[in-house]
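J.: The structure is given below, and queries will be raised subsequently.
Each value in this text was obtained by applying a stated rule to the coordinates, not by laboratory testing. These numbers come from a predicted model, not from an experiment. Because the Cβ atoms are built from the backbone with ideal geometry, glycine has one as well, and the counts that use them run over all protein chains shown.
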Amino acid sequence: MVNATAVPVVIIGSGQAGLSVAYHLKRFGLSAGRDFVIFDRGTDAGGAWQFRWESLRLGAAHRVNDLPGLSELGLSFETADRSRPARDVVSEYYRRFEEHFELNVVRPVTVRSVFNRRADLVVRTSSEHYGDRETLAGLLVNATGTWGAPFVPHYPGAGLFTGRQLHTNGFRDAAEFAGQRVVVVGGGTSAIGFMLELEQVAANLTWTSRRPIDWVHTERLDLEGASAAVAMQDEAARNGRALPSIVSGTGVPVSRRIQAGIDRGTLVARPMFEALEETGVRWTDGTFSEADAIIWATGFRPEVRHLAPLKLRDKAGGLVVGAGSSWTDPRIFLAGYGPQASTIGARRAGRVIARQVMALL
Ligand code: FAD
């Protein structure tokens, strides 16, 4: 039995992007529950951060920008505890943010599909708590991030390899690889983090990347100034391709920890292998490495499967977004999409999208 309710605005996702939009909608006078509702499939606050591995610390990745209004709670990621797992700190800050601004996120609720029924957008959801439902919405803000859409490039023999293959979003703990021969694939921050964690644990560790690593000698990534990276992400998002990592456009900042890893010979990537075989990987020079596990730190795609019935893609297969909304259907906003897929981009999107939502209501 499907229950139907109606609300002017549905927001899907309570990560940095969804919460930023919700914060600005509240500032414009809208009320959570009455004027807008936020659905999230996670069981807790924290967006995708709640699922990241235990050893990941704030500062080990890039800078994590504050949510708008977080300072009202006396909180900032700049001064947050870096000895605790990032997932715990971010979840805690987001939870306190949601409570303070009374955002009433409805979770766990998974949006299965969004489609048109006459003038309404129908948001079909399922939840072990709330059952299957339909919510009729005038406007939709999709803020679903990328975590649920891991990208693994195809290489010949992928199905033959009998060892373990996992993507970044399946990584939990380096200890799982104790004594194993591990190949880490990818040229971004996650791959580097895995290499540094595994070097004391794995019996044998190889790093490989499609492109040579572009090291830049600065401690911190200038995400705001990363216009080349943003342009690359924008182009990929528009064309429905995997988002290139931010560092593929900016270069990888060499922190002291990374420099030490380079000096030890750990952070030296070899060119990508040619194929997988039953027990390992075959390199382009014909040599072979036995492997027990391959970790694909190869990025993500925007998670927009549930929007497929809306047919937002253009003839070339791209989902074109201008000023936060779909060019095909201006009732659909995409927050944290493409070049906004960083905490600063998602934060900015919040204000821009909330303004446009208000203009359409
Ligand atoms: P998310 O945080 O992914 O939130 C999306 C939410 O939508 C989730 O809560 C999810 O449960 C929900 N959702 C998705 N699909 C559905 C559905 N169908 N139904 C219901 N709910 C749904 N960026 C930085 O700026 N600094 C960093 O240091 C940094 N480190 C990173 C480290 C890693 C390993 C990764 C993968 C990314 C990192 N990023 C970093 C990028 C980061 O993902 C973004 O910055 C930001 O957190 C994304 O926010 P978001 O709200 O768009 O998405």
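J.: Using Cα pairs closer than 8 Å and at least 6 residues apart in sequence, work out the relative contact order for the chain, in percent. Kindly include the intermediate steps, with their values, before the conclusion.
T.: Working: 768 pairs, mean separation 84.0, N = 361.
Contact order relative to length: 23 percent.
J.: Please sort by residue number the GluC sites (Glu not before Pro) in region 1-94 whose DSSP state is loop and whose Cβ has at most 16 other Cβ atoms within 10 Å. Provide the component values of the computation, followed by the final result.
T.: On the way: sites: Glu54, Glu72, Glu78, Glu92; in loops: Glu54.
Filter output for region 1-94: Glu54.
J.: Could you work out the Kirkwood radius for region 72-174, taking every pair of different alpha carbons, averaging 1/r and inverting it, reported in Å? Walk me through the numbers before you get to the answer.
T.: Numbers: mean 1/r = 0.0552 Å⁻¹.
Roughly 18.1 Å, rounded to one decimal.
J.: Would you compute, for the Cα atoms of region 11-116, the largest minus smallest coordinate along each principal axis and list the three values in descending order, in whole Å?
T.: 44, 31, 19
J.: Mind telling me which of Gly13, Gly299, Gly74 comes out most flexible in a GNM of the chain, alpha-carbon contacts under 10 Å?
T.: Between Gly13, Gly299, Gly74, it is Gly74 that shows the largest mean-square fluctuation.
J.: When you have a sec, figure out the Kirkwood radius of the chain from all distinct Cα pair distances and drop it here in Å to one decimal? Please list the in-between numbers first.
T.: Details: mean 1/r = 0.0465 Å⁻¹.
21.5 Å is the Kirkwood radius here.
J.: List the residues of region 271-288 whose backbone N lies under 14 Å from a point placed 7 Å from the Cα of Leu160 along the Cα-to-Cβ direction.
T.: In region 271-288, the label zone of Leu160 (backbone N under 14 Å from the point 7 Å along Cα→Cβ) covers 274-284, 286-288.
J.: Could you work out which residue, out of Ser91, Ser14, Ser289, moves most in a Gaussian network model of the chain, that is, has the largest mean-square fluctuation with Cα springs under 10 Å?
T.: Ser289
J.: Could you size up the charge dipole of the chain around its Cα centre, putting +1 on the beta carbon of Lys and Arg and -1 on that of Asp and Glu, and report it in debye to the nearest 20?
T.: Values: 41 positive and 37 negative charges, 193 e Å.
Here the size comes out at about 920 debye.
J.: How about region 1-36: which chymotrypsin sites (Phe, Trp or Tyr not before Pro) there are in a DSSP loop, with at most 15 other Cβ atoms within 10 Å of their Cβ? Working shown, then result.
T.: On the way: sites: Tyr23, Phe28, Phe36; in loops: Phe28.
Within region 1-36, the qualifying chymotrypsin sites (Phe, Trp or Tyr not before Pro) (loop, at most 15 other Cβ atoms within 10 Å) are Phe28.
J.: Name the most mobile residue of Asp120, Asp88, Asp234, meaning the one with the largest mean-square fluctuation, in a Gaussian network model of the chain with Cα contacts below 10 Å.
T.: Taking springs between Cα atoms under 10 Å, the residue moving most is Asp120.
J.: Also, I was wondering about something else. Any chance you could get the radius of gyration and Dmax over the Cα atoms of region 294-361, in Å?
T.: 13.5, 49
J.: Size of the dipole of region 28-153 about the Cα centre, Lys and Arg at +1 and Asp and Glu at -1 on the beta carbon, nothing else charged, in debye to 20? Before the final figure, lay out each step's value.
T.: Working: 16 positive and 17 negative charges, 86 e Å.
So the magnitude is around 420 debye.
J.: Moving to a separate point now. Using 0.36 nm per residue, how much length does the chain from Val201 to Ala323 gain when fully extended, once their Cα-Cα distance is taken away? Display every interim value, and only then the final one.
T.: Working: separation 122, 0.36 × 122 = 43.92 nm, distance 4.63 nm.
Length difference between fully extended and current span is 39.3 nm.
J.: OK, next. To check you understand DSSP bridge types, tell me what percent of the beta bridges within the chain (both residues inside) are antiparallel, rounded to 5. Before the final figure, lay out each step's value.
T.: Working: 23 of 58 bridges.
Percentage antiparallel, nearest 5: 40.
J.: Related question: Amide H neighbours of Arg270 under 5 Å, at least 5 residues apart or on other chains, H built in the peptide plane: list them.
T.: Amide H to amide H, under 5 Å and 5 or more residues apart or across chains, Arg270 pairs with Trp207, Thr208, Ser209.
J.: Let me ask something else. Hey, what number do you get for the chain at 222 nm if only DSSP H runs of n ≥ 4 count, each worth -39500 (n - 2.57), divided across all residues, to the nearest 500? Let's see the in-between values first.
T.: Details: 7 runs with 80 residues, N = 361.
So the calculated ellipticity at 222 nm is -7000 deg cm²/dmol.
J.: Could you check the spin-label model distance between Glu290 and Arg118? Points 7 Å from the Cα along Cα→Cβ, value in nm.
T.: So the two model labels end up 6.8 nm from each other.
J.: Can you list the residues of region 177-202 with backbone N under 15 Å from a point 7 Å past the Cα of Ala60, pointing along Cα to Cβ?
T.: Those under the cut-off are 177, 189-202.
J.: Is there a quick way to get the dipole size of region 65-111? I mean about its Cα centre, with the Cβ of Lys and Arg at +1 and of Asp and Glu at -1; what is the value in debye to the nearest 20? Kindly include the intermediate steps, with their values, before the conclusion.
T.: Values: 6 positive and 9 negative charges, 49 e Å.
With only Lys, Arg, Asp and Glu charged at Cβ, the dipole is about 240 debye.
J.: For Glu176 and Glu278, FRET efficiency with R0 = 22 Å and r from the beta-carbon atoms, rounded to 0.05?
T.: Working from the Cβ atoms, E equals 0.55.
J.: Just in region 88-157: which trypsin sites (Lys or Arg not before Pro) are loop by DSSP and have at most 14 other Cβ atoms within 10 Å? Provide the component values of the computation, followed by the final result.
T.: Details: sites: Arg95, Arg96, Arg112, Arg117, Arg118, Arg124, Arg133; in loops: Arg118.
Here the trypsin sites (Lys or Arg not before Pro) that fit, given the DSSP loop and packing criteria, are Arg118.
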